Amino acid sequence: MKALLINGSPHANGCTATALSVVAKELEKNGIEAEIAHVGHKNIRGCIACFKCKETGRCVFDDMVNELAPKFEQADALVVGSPVYYAGMAGTMNSLLDRLFFSTPFGKRMKVGAAISSARRAGTTATFDQMNKYFTISQMPIASGRYWNMVHGYTPEDVMADEEGVQNLRFLARNIAFLVKAIAAEKEKNGLPEQEEVVYTNFIR
């Protein structure tokens, strides 16, 4: 079983990466293979709604989005982490998630999702909420800890000194592992929940 962790910070060894490393280590201890992908330093543009991906199954811009797509498809869980930029997620991460979720044709239903935000002081809850929306529109169960998944600090050392935040990340990782295993067992026994044909309602007359 695999988990893909995406670091939306431009710093591969910064605060967000530190938080994701705590989760990855705990996932590995609980039998889930974990890979961290660093994307925050990449040149990733936003979606231009060209819909080419609906024809080809991949984004027209051949960058980290297409590189991560097969890893996302193979993963049983997706953990996304971002620093706070003006009370929201980093722009590169926003662009990547928009295109990664929109351009990939494979089903994301019942993959476990989790979001982590990192800040020196404030904006963590808004960023956390923003990232979770990708999961809820994709029928992905969201794993939680015992508090909102956020860490505070200006340096990686500060993050590790946030004992409550770091402990919560360990709780989160164990819950991700449990959900992944439980969903796999139920899927093998009874399959996925019944689906219906999707209804689109447009109230513009």
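The values are calculated or read from the model by the stated rules, or taken from the named source; none is laboratory data. Just so we're clear, the structure is a prediction, and the values are computed from it rather than from any experiment. Neighbour counts are summed over all protein chains in view; Cβ atoms, including those assigned to glycine, are modelled from backbone coordinates with ideal geometry. With ligands, DNA and RNA removed, areas are computed over all heavy atoms of the protein, side chains included. Shrake-Rupley method; radii C 1.70, N 1.55, O 1.52, S 1.80 Å.
Where does each of 63-76, 107-120, 190-203, 40-53 land if you order them by average Cβ count within 10 Å, highest first?
On the way: 63-76: 17.7, 107-120: 21.8, 190-203: 6.3, 40-53: 14.4.
Most protected by this proxy first, the peptides run 107-120, 63-76, 40-53, 190-203.
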For the pair Lys2 and Ile204, the simple spin-label estimate (label points 7 Å beyond Cα toward Cβ) gives in nm 3.9
Length gained if Ala122 through Arg109 is fully extended, taking 0.36 nm per residue and subtracting the Cα-Cα distance, is 1.5 nm
Amide H proximity to Tyr85 below 5 Å, modelled H, separation 5+ or other chain, gives Ala90
Please state the charge dipole magnitude for the chain, taken about the Cα centre, from unit charges on C-beta atoms (+1 on K and R, -1 on D and E), reported in debye and rounded to the nearest 20.
-> 280
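When the accessible area of the chain is computed with all protein chains present and a 1.4 Å probe, what percentage of it is carbon and sulfur?
The computed percentage sits at 51.
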HN-Hα J in Hz across the range 120-131 - Karplus 6.51, -1.76, 1.60, θ = phi - 60°, x for Gly and Pro | 5, 9, 9, x, 5, 5, 5, 5, 4, 4, 4, 5
Low-density loop positions, trypsin sites (Lys or Arg not before Pro), the range 128-177 - DSSP coil, at most 16 other Cβ in 10 Å = Arg146
GNM of the chain, Cα pairs under 10 angstrom: of Glu164, Glu26, Glu186, the biggest fluctuation goes to Glu186
Per the charge dipole of the chain (beta-carbon charges, Lys/Arg positive, Asp/Glu negative, Cα centre), the residue among Asn132, Gly153, Ser82 reaching farthest to the positive end is Asn132
Label assignment, Rg and Dmax of the Cα atoms in Å derived from the structure, set (i) 18.7, 59; (ii) 17.0, 57; (iii) 18.1, 55 | (ii)
Other-chain or far-sequence residues with amide H under 5 Å of Ala37's (modelled H) | Leu5, Ile6, Asn7
